[in-house]
Amino acid sequence: MSDLIYDDVGAGLPVVLIHGYPLCRRMWRPQLAALSGAGYRAICPDLPGFGESSPLAEPACMSRYTDAVIGLLDELGIERAVIGGMSMGGYVLLNLASRYPERLLGAMFLVTRAAADDEAGKEKRTLLVNELRNGNRSIVPDAFTQVLFAPSTSQKNPALVAEVRTWMEAASPEGTIYGLLAMRDRADYVHQLAGLNIPALVIGAEHDLAVPPAHSRVLAAGLPQAELKIVDGAGHMANLEQTEAFNRVLLEFLTKFA
C-alpha cells in the first residue's frame, strides 16, 4: 500500500511524472491537462516529504523514493508505464530503471543528469543540510529560487517565481533534509545508460542554471534509443516557463506508444 498523495487524471496509456527537488506534484498541472486531454492517463505523485505526502520514517536514499513510486504503481494495478522524472525525479527514474526495468515502457529524462555529484556538489548539499538542522528553513528556497528559472523569467513572470517558492517553503523539514542527503549520496549512472534499451526522451533547457544542457547531451548520447530536445528560452522549470513547447515535445514522444 502506497502512502503517496497523487493526482490520477484521464484514461489510456499510463504516464507517470515525478517532480524535482524541493517541489511537489503541483508543478505538473499544465502537463496533467495536456496529457489527459490527448488521451493519456497522467499520474503525478508527491514524493515522500514533499507536497502532501508524509516524509520517510528514516533518512532517505534514492531507492526508497523509487520503492514508493513502485508501490503506487502496484496499488493502481499498473504493470508498465512511461515514466518521466524532472531533476531529482530523474535521479529516482535512473534508480528505478536500474532496479525495475520491467516496469518501464519508456523513460523521459526532464532537465536532469546521469552523473553523481562531484565533491564540491556534495559539500554544498552538506552545508544546506547543516543550515536546515540549525533551523534556517529559508536556506533552500533562497538557494533554489536563484537557479530554477531562466534569467528573464523573474522579470517576465514574477507570479510564477513566487508560486514555485511557496511549494518549496511547504516541503517538510525532514523531507527537505532527506532529499538533500539522497541526492548527495546517489549513484552515478553515466556508464550504465547503455543498458536502458527502451524509447527515451531527454529534454534540456537552453538557460538552465541548475542542470546545463551539456548534461542532457550526455544522457542522450548514452541511451541507445534516445531523442534529445532542448527547449529554447527555458530555465530549469521548463515545463512551466515554456509550457507549450514542453508539452508539444512530450506529446510527440508519446505517439511512439500509440
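Please treat every number below as a calculation from the coordinates, not as lab data. All of these numbers come straight from a predicted model, not from anything done at the bench. We place every Cβ from the backbone using ideal geometry, glycine too, and count neighbours over all the protein chains shown.
At-a-glance table
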| item | result |
| --- | --- |
| Within-14-Å neighbourhood charge of ARG103 [Cβ basis; K, R +1; D, E -1] | -3 |
| Gained length - ARG133 relative to GLU252, 0.36 nm times residue gap less alpha-carbon distance | 38.5 nm |
| Cα-based reach from LYS122 at 16 Å (exclusive), listing aspartates and glutamates while leaving out same-chain residues under 8 positions away | GLU131, ASP185, ASP188 |
| Least to most buried among TRP167, TRP28 (fewest other Cβ within 10 Å first) | TRP167, TRP28 |
| Cα→Cβ-extended label distance, 7 Å offset, between ALA170 and ALA33, nm | 1.7 nm |
| Counted charge near GLY204, where neighbours are those whose Cβ lies closer than 14 Å (Asp, Glu -1; Lys, Arg +1) | -2 |
| Cut-off 13 Å between beta-carbons: net charge of the residues surrounding LYS124, Lys and Arg +1, Asp and Glu -1 | -2 |
| For TYR178, TYR6, order by how many other beta-carbon atoms lie within 10 Å, fewest first | TYR6, TYR178 |
| Residues of type aspartates and glutamates that LYS229 reaches as a straight line, Cα spacing below 20 Å, ignoring anything fewer than 8 places off in the same chain | GLU206, ASP208, GLU241, GLU244, GLU252 |
| Option label - P(r) over Cα pairs in 10 Å bins from 0, in percent computed here, alternatives (i) 7, 29, 32, 22, 9, 1; (ii) 7, 34, 40, 17, 1, 0; (iii) 7, 26, 28, 20, 12, 5, 2, 1, 0 | (ii) |
| Relative contact order, percent, segment 6-257 [alpha-carbon distance under 8 Å, six or more residues apart] | 21 percent |
| The chain: most fluctuating residue of LEU201, LEU47, LEU73 per GNM, C-alpha cutoff 10 Å | LEU73 |
